[in-house]
Amino acid sequence: MALRVTGSSAASAKYDLITAMGSYALALGKTDQRRVLRFLTLIFARYNWQQNKLTVGQVEIAALWSVDPRTVKREMSVLKSKGWLYVKRPGARGRVTEYGLSIDQIFASTQESHSKVGPDFVARMEQTPAAATTTNVITLASRQGNLESPLQSGSEKGEESLWGNVCDRLYAQDAALFQAWFASLKPAEQSQTKLILEAPSKFHAEYVKTHLMGRLFDACQRTDPKLRYVDVVA
């Protein structure tokens, strides 16, 4: 879901996010409830809403959650696999990992619980900027010749083959969303653990990183589990 978390809609967006995750967790078992509670506590304590940035070390998270660092590592891995968190900048010597929050993926994961909140909540969740602009963006994509199918996954080049397979997965999940935002991305740099994609414009890159990175990272890791870092540049 493409929510703004700054400006006049920031407060309602935050409350909607909390409500969706809370209602979702209450229908789950104790282990998953505890995980969502930990995640919410981490967001409340350390998440920068304006910059979509979560920068905190495992030792600090362990203290916040009253657990050991091994539990933190396991829980953060699960949150990344769900697409709720993605790595914006990997950790290095003297620098902790910087995460981003995939609000669209969180709302997609919790969709079954939306009706439990009420019809007004469901209606509000359906009125998203992404949904409102999909038609226009697809028209733009059609000029690039990308409407019929995703990239060919059988390319001879390794990086194009990998990205082609990722595109096949993204296209199968949501063809309209793929055509709007993923079809025009091109591989720019790749290693065994890293994939850098190039967008046609800075706006396009920032939109994907802000609203769709969780979905993209999840598709990349499902295609090649060795990938640990995915980024979009212009």
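In the condition set (1) within 22 Å of S81 (Cα to Cα); (2) not in a strand (DSSP E or B), V230 is compliant with all but (2). Residue count for the stretch 30-60 satisfying the condition of being closer than 23 Å to P90 by Cβ, open to solvent by 70 Å² or more (accessible area, probe 1.4 Å) and among the charged types (D, E, K, R): 2.
State all residues of the stretch 115-126 that are in contact (Cβ under 8 Å) with a residue 40 or more places away in the chain and within 19 Å of the chain's Cα centre (by Cα); if no residue qualifies, say none. Lay out the reasoning, then the answer.
Within the stretch 115-126, the first condition is being in contact (Cβ under 8 Å) with a residue 40 or more places away in the chain, and the residues that meet it are 116-117, 121, 124-125.
Residue satisfying the conditions is M125 alone.
In the set (1) in contact with a Leu (Cβ under 7 Å, 6 or more places away or on another chain); (2) assigned to a helix (DSSP H, G or I), the condition left unmet by G214 is number (1).
Please tell me if A63 is out of contact with any helix residue (DSSP H, G or I) (no Cβ under 8 Å at 6 or more places or on another chain), of a type in the set (G, A, S) and either at pLDDT 85 or above or surrounded by 18 or more Cβ atoms within 10 Å (Cβ to Cβ) (or both).
In short, yes.
When you scan the stretch 191-213, do you find a residue that is within 14 Å of R89 (Cα to Cα) and more than 16 Å from the chain's Cα centre (by Cα), even just one? Yes, the conditions are met somewhere in the stretch 191-213.
Of the residues D168, D120, only one is out of contact with any Phe, Trp or Tyr (no Cβ under 7 Å at 6 or more places or on another chain), modelled with pLDDT of 85 or more and open to solvent by 40 Å² or more (accessible area, probe 1.4 Å); which?
On the way: D120 fails: modelled with pLDDT of 85 or more.
The conditions single out D168.
From the list L195, L162, L177, the lone residue that is in a helix (DSSP H, G or I), open to solvent by less than 50 Å² (accessible area, probe 1.4 Å) and either in contact with a strand residue (DSSP E or B) (Cβ under 8 Å, 6 or more places away or on another chain) or at pLDDT 85 or above (or both) is L162. Here is the figure for the stretch 19-60: residues that are in contact with a Gly (Cβ under 8 Å, 6 or more places away or on another chain) and either at pLDDT 95 or above or more than 14 Å from E98 (Cα to Cα) (or both) total 2.
The values are calculated or read from the model by the stated rules, or taken from the named source; none is laboratory data. Computed from a predicted model, the values in this text were never measured in an experiment. With ideal geometry, Cβ positions are generated from the backbone for all residues, glycine too; neighbour counts draw on all protein chains shown. Quick note on the areas: whole protein, heavy atoms, side chains included, nothing else; ligands and nucleic acids left out. Shrake-Rupley method; radii C 1.70, N 1.55, O 1.52, S 1.80 Å.
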